[in-house]
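Participant: Below: one structure in structure tokens.
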Number of protein chains: 2
Amino acid sequence: MASRILRLRFLASRRGRHRPTDLVRQRRGHLSVRCDEAWFREQSRNGSDIGMRKIIVVTGASNGFGRLASNALARAGHTVYASMRETTGRNASRAAEVKAFARQHSADLHAIELDVASQESVNAAIAEIISRNNQLDVVVHGANHTAYGPAEAFTPEQLAQLYDTNVLGAQRVNRAALPQLRKQGQGLLVWISSSGTRGGTPPYLGPYFATKAAMDALAVSYAGELARWGIETTIVVPGSFTKGTNYYAHSGRPADAVRAEEYADGPTADISEITLRGLAALRPTDADPQAVADAIVEVIDTPFGSRPFRVHFEPSDDGAAIVNGVADRARAELLQLIGLEDILKPTIIG
Amino acid sequence: MASRILRLRFLASRRGRHRPTDLVRQRRGHLSVRCDEAWFREQSRNGSDIGMRKIIVVTGASNGFGRLASNALARAGHTVYASMRETTGRNASRAAEVKAFARQHSADLHAIELDVASQESVNAAIAEIISRNNQLDVVVHGANHTAYGPAEAFTPEQLAQLYDTNVLGAQRVNRAALPQLRKQGQGLLVWISSSGTRGGTPPYLGPYFATKAAMDALAVSYAGELARWGIETTIVVPGSFTKGTNYYAHSGRPADAVRAEEYADGPTADISEITLRGLAALRPTDADPQAVADAIVEVIDTPFGSRPFRVHFEPSDDGAAIVNGVADRARAELLQLIGLEDILKPTIIG
């Protein structure tokens, strides 16, 4: 391969730093240029991954933010593995859509079988990606299930199931992918969290928020533990969107119908209606989940070491950005106090 | 029974509201008086539970905060079920200690078999308590396991196990206890959270913090959903203490020893030592976990409807109080905005 795609946001200021051979694409202030391979090799030796085409795996790419992100990343010129389970079963049409999208946009986008509930499946998918590309740059943790209803009406088994998808799934993917990323001495984890874990916390999303709070906490811990291995972390924090993400439509419902009815008939009878109506009223009608996908593209195209620790998208302005701002500051302060301020940023391993 | 124990913090201001028969105990500004039963019945009819002896179940009472809290609550005059698993097995000596403590302090304290990992065991224990007392006033969620090590070196099964104890355990107890509390139209849930979910988040506690963040999120959701049933919530947020709680001593360790060694030999080699030394240096040497137990007593003795939503104990001043303050404010604001401000406080059901 004689050249690679380079994407730069501020081409003018970086004109001296690369040798473009031809202009590929210009979109939303992004200018993509084709550069020769030697320049990329030099950048890579210098520890920079600026503008390089990344090898990316996105989990939960059959729908929601995972789907939007994998499409947006592929259109931006990256090699993207849109991972999902049952690519030959109930997601066969989604897998076909991925193929069609790739053809239509001349994108390097591939559906790949990966069930986050199975370590074996995860291992096979990650191994396949690494064997095809000899590297893996970015993991986007997008797999996510939701649940809606009174917390008391969910069985412990339902809570365990939700934790399995939203948290243990990421753990399985990390355990499969991180040895490669650590070996490379450079990589990026993007976690799709939720504003509900830190912001307004409306009723009837308890079991879901519990898993997202856990995922966010795990992401924060991983960030510090991986920094010296040259692995960067960005936590994307979306709020609730009215369209595109099926926030409630595909939500799990309480298995204990008797208990759920007690809440529906009791003093809490109108809680659900008030909550859904209230949240809908707070959301701007033009809140578009595509903005979350576009932000993920931007994060990945930001130079290594300069990426934001968090990016928020709260159409309802539910306060999570402020809460997380204070929390991340408290974390930074503690790490400084105990002499670990270096793990606030990934080490550049030359 | 002709009289009950009444504990009041500000006796002078309440002198006109009760009929003390004799002074029982004075300690740390608390004055305990024996009042006649008729007065208590009247208070109860008025929807007040001020100063009444409560029927309390504490989970995880074999050690840590659960143990300290159950002893402190029993000494304060409440009927306390110190629940733990294996009361005839490996915790037999702990169960015997409970009995000895009860005798020594003339306290109404009982060890009871309750394994938070088993719905059957939980159901049996809660049913036994209700059948003995015909009521249950307070549940203290104290069951807690810790884990220490690089997140990547823990298997998903270990994370699931930790979630089972720290989160699903509380869910099982809630599902057993809440129907009774809702029927009574009055009750209190006390959740023992952790400052690590919102404060400094030092490394190597990721899987543990994930479960505590989840537990805290679930507690917040339950608080709103239970308020109209007359059930109050207090979340107690301790930081790390050097003594008495076995914070690290009994922690789970990563099952993947190979992965753990990579972290111990790699660029992260000194992270653990720096973290433990740094945290120890930040902690005041006189940080006493008994303060947490005393605070739980105080919370329970505070009149219904006036209890604090959170109580913090951070010997290291790790910032969780500030983060939670902002988060709880964001929650209050959202509930007000969507017209659910009433669920910020429990309804007094007359």
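Participant: So which of A:T165, A:T197, A:T201, A:T155 is β-branched (V, I, T) and without any contact (Cβ under 8 Å) to a residue 24 or more places away in the chain?
Facilitator: A:T201
Participant: Do we have A:D288 as more than 10 Å from chain B (Cβ to nearest Cβ), under 30 Å from A:G278 (Cβ atoms) and in a loop (DSSP other than H, G, I, E, B) here?
Facilitator: Here the answer is yes, as A:D288 does meet what is asked.
Participant: A further question follows. Going through the stretch A:298-346 one residue at a time, which ones are at the interface with another protein chain (Cβ under 7 Å from one of its Cβ atoms) and assigned to a loop (DSSP other than H, G, I, E, B)?
Facilitator: A:D318, A:G319, A:I338, A:G339, A:L340
Participant: Condition first: closer than 21 Å to B:L334 by Cβ, within 14 Å of chain B (Cβ to nearest Cβ) and either without any contact (Cβ under 8 Å) to a residue 12 or more places away in the chain or of a type outside the set (G, A, S) (or both). Can you find one or more residues in the stretch A:221-233 that meet it?
Facilitator: Scanning the stretch A:221-233 turns up no residue that is closer than 21 Å to B:L334 by Cβ, within 14 Å of chain B (Cβ to nearest Cβ) and either without any contact (Cβ under 8 Å) to a residue 12 or more places away in the chain or of a type outside the set (G, A, S) (or both).
Participant: Mind counting the residues in the stretch B:272-290 that are free of Cβ contacts under 8 Å to residues at least 24 places away in the same chain and either more than 26 Å from B:L205 (Cβ to Cβ) or surrounded by 15 or more Cβ atoms within 10 Å (Cβ to Cβ) (or both)?
Facilitator: Qualifying residue count for the region: 1.
Participant: Can you name every residue in the stretch B:265-285 that is polar (S, T, N, Q) and assigned to a loop (DSSP other than H, G, I, E, B)?
Facilitator: B:T268, B:T285
Participant: I've got another one for you. Return the residues of the stretch B:146-155 that are facing chain A (nearest Cβ under 8 Å) and surrounded by 24 or more Cβ atoms within 10 Å (Cβ to Cβ); say none if nothing qualifies.
Facilitator: Matches in the stretch B:146-155: B:P150, B:A151, B:F154.
Participant: What's the number of the condition B:W229 fails, among (1) within 27 Å of B:E157 (Cβ to Cβ); (2) at pLDDT 95 or above; (3) assigned to a loop (DSSP other than H, G, I, E, B)?
Facilitator: Only one criterion in (1) within 27 Å of B:E157 (Cβ to Cβ); (2) at pLDDT 95 or above; (3) assigned to a loop (DSSP other than H, G, I, E, B) is unmet by B:W229, namely (1).
Participant: Another question about this same structure. Taking the conditions exactly as written (touching a residue at least 40 places away in the same chain (Cβ under 8 Å), within 14 Å of chain A (Cβ to nearest Cβ), assigned to a loop (DSSP other than H, G, I, E, B) and surrounded by fewer than 20 Cβ atoms within 10 Å (Cβ to Cβ)), does B:A143 satisfy them or not?
Facilitator: Answer is no for this residue.
Participant: Yes or no: the stretch B:249-264 includes at least one residue that is under 21 Å from B:H141 (Cβ atoms), within 18 Å of the chain's Cα centre (by Cα) and either in a helix (DSSP H, G or I) or more than 9 Å from every other protein chain (Cβ to nearest Cβ) (or both).
Facilitator: no
Participant: Right, another one. For the stretch A:146-164, which positions are within 17 Å of A:H250 (Cα to Cα) and assigned to a loop (DSSP other than H, G, I, E, B)?
Facilitator: A:T146, A:Y148, A:G149, A:P150, A:F154
Participant: Please determine whether any residue of the stretch B:128-136 is away from chain A (no Cβ under 13 Å) and at pLDDT below 95.
Facilitator: No, every residue in the stretch B:128-136 fails to be away from chain A (no Cβ under 13 Å) and at pLDDT below 95.
Participant: Got a sec? Which of A:V98, A:V122, A:V80 is more than 20 Å from A:D294 (Cβ to Cβ) and of a type in the set (A, V, I, L, M)?
Facilitator: A:V122
Participant: Of all the residues that make up the stretch B:165-193, how many are facing chain A (nearest Cβ under 10 Å), under 21 Å from A:R198 (Cα atoms) and in a loop (DSSP other than H, G, I, E, B)?
Facilitator: Total satisfying the criteria: 0.
Participant: Could you please let me know if B:I126 is closer than 17 Å to B:S62 by Cβ and touching a residue at least 24 places away in the same chain (Cβ under 8 Å)?
Facilitator: no
Participant: Could you check the stretch A:315-350 and list, in sequence order, the residues that are free of Cβ contacts under 8 Å to residues at least 12 places away in the same chain, farther than 19 Å from B:I322 by Cα and loosely packed, with under 15 Cβ neighbours inside 10 Å?
Facilitator: Scanning the stretch A:315-350 gives A:G339, A:E341.
The values are calculated or read from the model by the stated rules, or taken from the named source; none is laboratory data. Keep in mind it's a predicted model, so treat the numbers as computed, not measured. Counting neighbours? That spans all protein chains shown, and the Cβs are built from the backbone with ideal geometry, glycine included.
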